[in-house]
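This report concerns only the one structure given below.
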Amino acid sequence: MEIIDLAAIPLSHDLEPGRAFGGSRGMTDSRSTTLVRLETDDGTVGWGEAFASPRAVAALIEDEFADAILGSSPIEAESLADRVYTGDIGGYHAAREALAQSALSAVEVAMWDLRGKAAGLPVHELLGGQRVESVVPYASTMYLTEWGEDPADPMEVAAADGFTAAKIKIGGGREDDRCRVEIAREILGDDAHLMVDYNGNYTPRQAIASIRDLEPYDITWVEEPVPPENYSGYREIRDRVDVPLAAGEAHYGRFEFTRLLEEGLVDVIQPNLGRCGGFAEARFVAKLATTANAIVRPHVWNSAIGTAAALQFAASLSSYPHAQGMEPDPVLFEFDRSENPLRHELLESPLDPTGGTLAVPQSPGLGIEVDETAVDRFRLE
Ligand SMILES: [Mg+2]
């Protein structure tokens with residue numbers, strides 16, 4: 001099986017005027033991404049996605065990766081990250097850049113999709129040898145909105161759709177944080193997993209004060225309380241609050257994840273399959289996490305293709321560590337609830353997170369069938 005065609009496809013969907021939304025660090029007025037489509041000499045097609053600025057990463061993939069990939073076998077996915085680190089692809093130092101890691105991720109994931117299709121196995125079985133039927137989706141919701149949405153509204157809808165867990169945006173001020181959490185906890189009920197996401201908007205001192213306010217609300221994890229590059233801030237917060245910390249969506253490559261884990265800075269590590277370096281790097285992070293007693297819950301704010309990749313990865317995760325005689329933590333899986341047609345219109349059969357469970361596709365590769373006419377509909381010129 002030889003890869004004979006590579007296309008990097010930037011996609012975008014503009015939100016209606018007045019419908020921008022986001023978190024404490026800013027709002028977005030469009031949803032965009034870049035897909036990678038690989039085709040082999042027997043006509044098999046594999047898909048991947050980069051979590052990065054669409055046109056820039058598409059150009060990088062076509063300029064720096066295409067020559068290395070064309071004529072290769074999908075089995076070479078295993079060594080692709082190393083080729084970026086050595087400078088064989090992208091040149092010396094390129095692996096330290098988020099764009100290069102995102103490009104690598106998209107190409108690498110598409111190669112694993114091909115590997116799975118060649119083997120007749122879903123990627124999660126190739127990665128972990130397990131047969132996982134489903135995970136527990138959590139609603140990523142209660143965004144800050146340009147139109148001043150009542151924060152209770154999207155949570156009511158998520159609860160009505162059967163979500164039993166949720167993550168909400170906070171970080172806009174201490175009292176506002178507490179109010180939003182109170183609203184979410186009231187709607188979800190006492191038994192639900194509730195997570196909060198500061199999007200790195202606070203200093204350590206601000207974060208510690210806010211997190212202490214939230215301790216009565218039984219928060220499952222606190223995400224990015226300070227900026228991702230503020231490693232000492234994570235240490236300071238960890239030492240002064242009693243709530244699990246999570247980060248990883250803005251980190252990339254084995255070295256950054258290793259630092260977060262080896263220094264014990266987070267309890268939950270969150271690689272995005274469109275940025276972390278791909279499946280092989282994510283698997284490395286997952287194994288390393290077991291040595292640090294941390295759990296892995298991928299970050300997902302992608303189109304359907306990146307979501308499917310994260311779902312295959314989540315289904316491959318080890319249940320170690322957990323205490324004997326106690327239920328392991330559920331594999332909570334992020335499911336964004338904000339406006340994004342790329343999340344459901346690109347697949348012949350969209351992923352369905354309603355009803356409290358999300359089925360893991362069992363077909364070979366990523367387990368999805370991409371609607372290429374829909375891809376063309378959102379393609380950026
Ligand atoms: Mg986040």
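Numbers for the structure displayed
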{"quantity": "Euclidean distance of C-alpha centroids, segment 170-193 and segment 345-381, integer Å", "calculated": "31 Å"}
{"quantity": "Segment 336-343 - phi-based ³J(HN,Hα) in whole Hz, Karplus 6.51/-1.76/1.60, Gly and Pro as x", "calculated": "5, 10, 7, 5, 6, x, 5, 7"}
{"quantity": "Whether segment 34-141 is rounded, prolate or oblate, judged on the alpha carbon gyration tensor where a/c under 1.5 counts as rounded", "calculated": "oblate"}
{"quantity": "Principal semi-axes in Å for the chain [√(5λ), Cα gyration tensor, largest first]", "calculated": "32, 22, 21"}
{"quantity": "Accessible surface of segment 320-369, 1.4 Å probe, proportion on carbon and sulfur as whole %", "calculated": "49 percent"}
{"quantity": "Karplus-derived HN-Hα couplings along segment 13-21 (A = 6.51, B = -1.76, C = 1.60, θ = phi - 60°), whole Hz, x at Gly and Pro", "calculated": "10, 7, 6, 4, x, x, 10, 5, 8"}
{"quantity": "Ordering of 59-72, 237-250 by burial proxy (mean other Cβ atoms within 10 Å per residue, highest first)", "calculated": "237-250, 59-72"}
{"quantity": "Taking the chain and dividing mean pair separation by its residue count, relative contact order in percent (alpha carbons under 8 Å, at least six apart)", "calculated": "20 percent"}
{"quantity": "For peptides 253-259, 219-225, sequence by mean Cβ density within 10 Å, most packed first", "calculated": "219-225, 253-259"}
{"quantity": "Average accessible area per residue (Å²) across segment 164-214 - probe 1.4 Å, nucleic acids and ligands excluded", "calculated": "41 Å²"}
{"quantity": "Within the chain, percent of DSSP bridges classed antiparallel, to nearest 5", "calculated": "55 percent"}
{"quantity": "Packing-based ranking, highest mean first, of 93-106, 153-166 given that Cβ atoms within 10 Å are counted", "calculated": "93-106, 153-166"}
{"quantity": "Centre separation in Å (Cα based) which lies between segment 72-141 and segment 1-67", "calculated": "15 Å"}
{"quantity": "Accessible surface, per residue, of segment 1-135 when the full set of protein chains is kept, probe 1.4 Å, Å²", "calculated": "41 Å²"}
{"quantity": "Cβ-placed point charges (K, R +1; D, E -1), dipole of the chain about Cα centre in debye, nearest 20", "calculated": "860 debye"}
{"quantity": "Top of 271, 151, 298 by mean-square fluctuation, Gaussian network on the chain, Cα under 10 Å", "calculated": "151"}
{"quantity": "Accessible surface of segment 84-130 [probe 1.4 Å, protein heavy atoms]: carbon and sulfur percent", "calculated": "48 percent"}
{"quantity": "Extension reserve of the residue 83-residue 152 stretch, reckoned as 0.36 nm per residue once the Cα distance is removed", "calculated": "20.0 nm"}
{"quantity": "Hz values of 3J(HN,Hα) by residue in segment 114-130 - Karplus curve (6.51, -1.76, 1.60), Gly and Pro given as x", "calculated": "5, 4, x, 5, 5, 7, x, 10, x, 4, 5, 6, 5, 7, x, x, 9"}
{"quantity": "Long-range HN-HN contacts of residue 13 with modeled amide H, under 5 Å", "calculated": "31, 32"}
{"quantity": "Positive dipole terminus of the chain, leading residue within 123, 23, 319 (C-beta point charges)", "calculated": "319"}
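The values are calculated or read from the model by the stated rules, or taken from the named source; none is laboratory data. Computed from a predicted model, the values in this text were never measured in an experiment. Glycine also receives a Cβ, built like all others from the backbone with ideal geometry; neighbour counts cover every protein chain displayed. These area figures cover heavy atoms from the full protein model, side chains too; ligands, DNA and RNA do not enter into them. Shrake-Rupley method; radii C 1.70, N 1.55, O 1.52, S 1.80 Å.
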